[in-house]
Amino acid sequence: MQTFYRQAESLTMPPEIDTKSSSDGIYIRRNIKQVTGSEGVKKYQYQEAFLSFDQYEAYSRDLLVNQINGEDNSQEFENYKKQLDNPIKFTNGHFYKAKWIGLYASIIKDFKDILELYKLAGGDITEYLKIKTNIYDATGQPEQAVEMGIKEIIELYLFLYSYKEQCFNEYKQAAAGD
């Protein structure tokens, strides 16, 4: 569920979850910061969204799943997820998304498992290491697919993993700045 936040401010500290301000739904707030305004007046700035009761129920389920998966509800985390969805240029000139590293890890693991089993059965894996498969770039268009062997897929994985870690470190630094 996509939640749309708007910037808001108040002279009093708002609750993160506000069930009392409206009979039509619930306000959720995040990134609450106390700031000093003009003439030394202290106020609170934050992001706020209004959800119907049904939307809030879905939001709560999503939030619980996200917390189990190590995600949070901050703007910084949303920015991090957007970075992982932005295509980045690989050494072959095509663009790939860091959020796809799980797929590439799965291909690598499957390939490794099958080759190990084949080797245990007495087979020679030399020829199978030359197998190539089409890997689609961020466009998803067949004409943009690139034939890659396992070595190139591993290189793509490492490239995207490195970028993902860089983005994660930026997210943590931005979150710590609050």
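A compact table of results
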item	result
At 1.567 mPa s and 4 °C, Stokes diffusion of segment 109-178 via Kirkwood alpha-carbon radius, µm² per second	87 µm²/s
Rounded to whole Hz, the Karplus (6.51, -1.76, 1.60) HN-Hα couplings of segment 90-104, x for glycine and proline	8, 4, 7, x, 9, 10, 9, 9, 5, 5, 8, 4, x, 5, 5
Per-peptide average of other Cβ atoms within 10 Å, ordering 111-118, 148-155 highest first	148-155, 111-118
Cross-link pairs beyond the 32 Å C-alpha cut-off, checked among 89/119; 43/89; 89/172; 33/81; 20/43	89/119; 43/89
Whole-number accessible area per residue in Å² for segment 9-57, which is evaluated in the context of all protein chains at 1.4 Å	66 Å²
Reachable aspartates and glutamates from residue 82, criterion Cα separation under 13 angstrom, eight or more residues apart if same chain	170
Cβ-based net charge around residue 165, under 14 Å, with every Lys or Arg adding one and every Asp or Glu removing one	+2
Taking the chain and dividing mean pair separation by its residue count, relative contact order in percent (alpha carbons under 8 Å, at least six apart)	17 percent
Structure-derived Cα Rg over 2.2 N^0.38 Å: which label, when the choices are (i) 1.63; (ii) 1.48; (iii) 1.13	(ii)
Ellipticity estimate at 222 nm from DSSP helix runs (n ≥ 4, -39,500 (n - 2.57)) divided over the chain, nearest 500	-14000 deg cm²/dmol
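The values are calculated or read from the model by the stated rules, or taken from the named source; none is laboratory data. Given the structure is predicted, the values throughout are model-derived calculations rather than measurements. Backbone-built Cβ (ideal geometry, glycine too); neighbour counts: all protein chains shown. Note: accessible area is taken over every heavy atom of the protein model, side chains too, but ligands, DNA and RNA are not part of it. Shrake-Rupley method; radii C 1.70, N 1.55, O 1.52, S 1.80 Å.
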